[in-house]
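A.B. asks: Sharing a structure, written as structure tokens. Questions coming.
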Amino acid sequence: MDERSLLPEQFRDLEPLLSWALSSERERSAKRHTGSMAELRAFYDAMIPRMPDILEFLNGFLLHGIPADVNRLFLMTLSLAEITPAIENFGQPAVLDGYDFFRFIPVHD
């Protein structure tokens, strides 16, 4: 495996979308809420056809100790889960008749 690779070799074509490899739900949700529908749609359209291969690939790893390039791919799948309702259901980044996302502040122990 190339130490300089940002994503596993078979998914390197997705590297322009690495800004979606966000480690927290809060970051993913904020990116969804502040992104345009064109940005969300571009990410969705690039990821959806690749998901069967991505999920099959990710199934070969345990979550603990996952290599950095594989973790970035995993985080991108979490971002896809975050934005899919906006694309498939809402037609906008925010939840229709939902809460104001930016009013909620996460509390950490």
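A.B. asks: For Leu7, all conditions in the list (1) in contact (Cβ under 8 Å) with a residue 12 or more places away in the chain; (2) under 17 Å from Thr84 (Cβ atoms) hold save one; what is the number of the exception?
C.D. replies: (2)
A.B. asks: Going through region 31-59 one residue at a time, which ones are under 12 Å from Ile83 (Cβ atoms) and in contact with a Leu (Cβ under 9 Å, 6 or more places away or on another chain)?
C.D. replies: Passing the criteria: Lys31, Arg32, Ala42, Phe43, Tyr44, Ala46, Met47, Ile48.
A.B. asks: Oh, and also: Phe102 - would you say it is in a helix (DSSP H, G or I), of a type outside the set (Lys, Arg) and at pLDDT below 90?
C.D. replies: It is true that Phe102 is in a helix (DSSP H, G or I), of a type outside the set (Lys, Arg) and at pLDDT below 90.
The values are calculated or read from the model by the stated rules, or taken from the named source; none is laboratory data. Quick caveat: nothing in here was measured; it's all calculated off a predicted structure. Every residue, glycine as well, gets a Cβ built from its backbone with ideal geometry; the counts of neighbours run over all protein chains shown.
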